[in-house]
Amino acid sequence: MIRPVCRDTVLLSKPAEKATNADLQTARDLSETLLANAQRCVGMAANMIGVPKSIIAILPPGTKMPLVMLNPQIIAKSGEYDAEEGCLSLPGERPAKRYRVITVKWQDMSMRPQKRKFEGYTAQIIQHEIDHCQGILI
Ligand SMILES: [Zn+2]
């Protein structure tokens, strides 16, 4: 189900709770909502559809199906740089500190643990969405 996008910065500033298999419907809704906004958005976190759980969905460049991560965590990072980013929930572009290469641990839609290294723009999207899960806005 496509959900409305939350722009309430008070709600968006609250850290999300751990996601469980009871949250898989939210994960599917997040994925559908991201696809519905794909022309102006490459990633979303569950609190952007009003659910304060640690779930993100991203659309890496050149892909058509969102990659959904439950409880994503960055376990290694390198290559700090200054980025300028926009956010579907916020007006304008703002500065952010990012890392070029990150290693992420998460659970997939079957609650199986996953671990992968990401670089460049995909890594940047993931960092932005994990910040949302921690209540951090750019
Ligand atoms: Zn955002």
Show that you can apply the helix-only estimate: for the chain, add -39,500 (n - 2.57) for every DSSP H stretch of four or more residues, divide by all residues, and state [θ] at 222 nm to the nearest 500. -6500 deg cm²/dmol
With each label point set 7 Å from Cα along the Cα-Cβ vector, what nm distance links Gln114 and Arg40? 2.8 nm
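Gain in length, Tyr81 to Ile136, computed as 0.36 nm per residue apart minus the alpha-carbon separation, to one decimal in nm?
On the way: separation 55, 0.36 × 55 = 19.80 nm, distance 1.79 nm.
Contour length minus the Cα-Cα distance gives 18.0 nm.
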Expressed in nanometres to one decimal, the distance between label points 7 Å along Cα→Cβ at Leu11 and Arg94 is 1.8 nm
Can you tell me which of Arg100, Arg116, Arg28 moves the most in a GNM of the chain? Springs connect C-alpha atoms under 10 Å apart. Arg116
So, in Å, what gap is there between the alpha-carbon centers of region 11-35 and region 39-59? 7 Å
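Given the Cα-Cα distance of Lys105 and Met1 and 0.36 nm per residue of separation, how much length would full extension add, in nm? Write out the running numbers ahead of the final one.
Working: separation 104, 0.36 × 104 = 37.44 nm, distance 2.66 nm.
Value of the extension gain: 34.8 nm.
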Between Thr20 and Gln73, what is the label-to-label distance in nm when each label sits 7 Å out along the Cα-to-Cβ direction? 1.8 nm
To the nearest 10 square angstrom, what accessible area does Met65 show with a 1.4 Å probe? 140 Å²
Most mobile listed residue (Tyr81, Tyr99, Tyr121) in the chain, GNM with C-alpha springs under 10 Å: Tyr81
Pull out a ≥ b ≥ c, the square roots of the eigenvalues of the alpha-carbon gyration tensor of region 81-129, then state rounded if a/c is under 1.5, prolate if not and a/b is larger than b/c, and oblate in the remaining case. oblate
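Classify region 9-133 as rounded, prolate or oblate, taking a ≥ b ≥ c as the square roots of the eigenvalues of its Cα gyration tensor: rounded when a/c is under 1.5, otherwise prolate if a/b is larger than b/c and oblate if not. Display every interim value, and only then the final one.
Working: a/c = 1.40, a/b = 1.14, b/c = 1.22.
It comes out rounded by the Cα gyration axes.
How many percent of the accessible area of region 9-133 is carbon or sulfur, using a 1.4 Å probe? Provide the component values of the computation, followed by the final result.
Details: 3270 of 6340 Å².
Carbon and sulfur together cover 52 percent of it.
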I want to verify a result. In a Gaussian network model of the chain, Cα cutoff 10 Å, which of these has the top mean-square fluctuation: Asn21, Asn47, Asn71? Asn21
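Enumerate by residue number the trypsin sites (Lys or Arg not before Pro) in region 42-79 meeting two conditions: DSSP loop (anything except H, G, I, E, B), and at most 13 other Cβ atoms within 10 Å of the site's Cβ.
Qualifying residues, ordered by number: Lys64.
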Using the Karplus curve 6.51 cos²θ - 1.76 cosθ + 1.60 with θ = phi - 60°, work out ³J(HN,Hα) for each residue of region 67-83 in order, rounded to whole Hz, and write x for Gly and Pro. 8, 9, 10, 9, 6, x, 9, 8, 9, 7, 8, 7, x, 5, 8, 9, 10
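The values are calculated or read from the model by the stated rules, or taken from the named source; none is laboratory data. Everything numeric here is computed off the predicted structure, so don't read it as measured data. No Cβ is skipped: glycine too gets one built from the backbone with ideal geometry, and neighbour counts run over all protein chains shown. Ligands, DNA and RNA are excluded from the accessible area calculation, which covers all protein heavy atoms including side chains. Shrake-Rupley method; radii C 1.70, N 1.55, O 1.52, S 1.80 Å.
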